[in-house]
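J.: For reference, the structure I am asking about is given below.
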Amino acid sequence: MDGLDVLLLTTVGKQSGLSRCVPLPYFRDGERYLLVGSYGGNARSPAWVANVAANPTVQVQRGAKRWTTRAYVAAGAERERLWADITREFPRYAVYQTKTPRQIPVIVLE
């Protein structure tokens, strides 16, 4: 995915209650993993973001390593700091933000 490292995120569907797995590029903030709900600058967030908000316990796989963790949507000053770091590393996300009126969410995996 554009040269970025990828992990597999499995969430529980907000409406269906079924497990949903999606490959996503990730960034790091110390020991935490960061995901971006850009959807390419689409007017709405990807479904996995709503799934995380409704059911924050998620499964993560990176390579052969798998674990369960808690995910949340970053807000306020934390989101702004993380967004600045992410867009400095991968400027395309800043371009995506110009395509949509919504604030692109940053999801933190603790």
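A short reminder: the numbers here are calculations on the coordinates, not readings from a lab. Computed from a prediction, not measured in an experiment: that's the story for all the values here. Reconstructed Cβ throughout: ideal geometry from the backbone, glycine too, with neighbour counts over all protein chains shown.
J.: Can you confirm whether the stretch 25-48 contains a residue that is in a helix (DSSP H, G or I), surrounded by 16 or more Cβ atoms within 10 Å (Cβ to Cβ), touching a Lys or Arg at 6+ places or on another chain (Cβ under 6 Å) and among the small types (Gly, Ala, Ser)?
T.: no
J.: Considering only residues of the stretch 66-85 that are surrounded by 11 or more Cβ atoms within 10 Å (Cβ to Cβ) and of a type in the set (A, V, I, L, M), which is nearest to Val49 (Cα to Cα)? Talk me through it step by step, then tell me what you get.
T.: Looking only at the stretch 66-85, we keep the residues that are surrounded by 11 or more Cβ atoms within 10 Å (Cβ to Cβ), and these are 66, 69-75, 78-85.
Checking the rest, the ones that are also of a type in the set (A, V, I, L, M) come to 71, 73-75, 82, 84.
Numbers: Ala71: 10, Val73: 8, Ala74: 12, Ala75: 14, Leu82: 17, Ala84: 20 Å.
Step by step, filter the stretch 66-85, then rank; the result is Val73.
J.: Could you check, for the stretch 17-25, whether at least one of its residues is in contact (Cβ under 8 Å) with a residue 12 or more places away in the chain and under 15 Å from Val106 (Cα atoms)?
T.: Among the residues of the stretch 17-25, at least one is in contact (Cβ under 8 Å) with a residue 12 or more places away in the chain and under 15 Å from Val106 (Cα atoms), which makes the answer yes.
J.: List the number of the failed condition for Thr87; all other conditions in (1) of a type in the set (Ser, Thr, Tyr); (2) closer than 15 Å to Val106 by Cα; (3) in contact (Cβ under 8 Å) with a residue 24 or more places away in the chain hold.
T.: Unmet for Thr87, out of (1) of a type in the set (Ser, Thr, Tyr); (2) closer than 15 Å to Val106 by Cα; (3) in contact (Cβ under 8 Å) with a residue 24 or more places away in the chain: (3).
J.: Pick from Ala50, Ala74, Ala64: which is touching a strand residue (DSSP E or B) at 6+ places or on another chain (Cβ under 8 Å) and either more than 23 Å from Arg102 (Cβ to Cβ) or small (Gly, Ala, Ser) (or both)? Steps first, answer last, please.
T.: On the way: Ala50 fails: touching a strand residue (DSSP E or B) at 6+ places or on another chain (Cβ under 8 Å); Ala64 fails: touching a strand residue (DSSP E or B) at 6+ places or on another chain (Cβ under 8 Å).
When all the criteria are applied, what remains is Ala74.
J.: For the stretch 72-84, does any single residue satisfy the condition of being of a type in the set (Phe, Trp, Tyr), out of contact with any helix residue (DSSP H, G or I) (no Cβ under 8 Å at 6 or more places or on another chain) and assigned to a strand (DSSP E or B)?
T.: no
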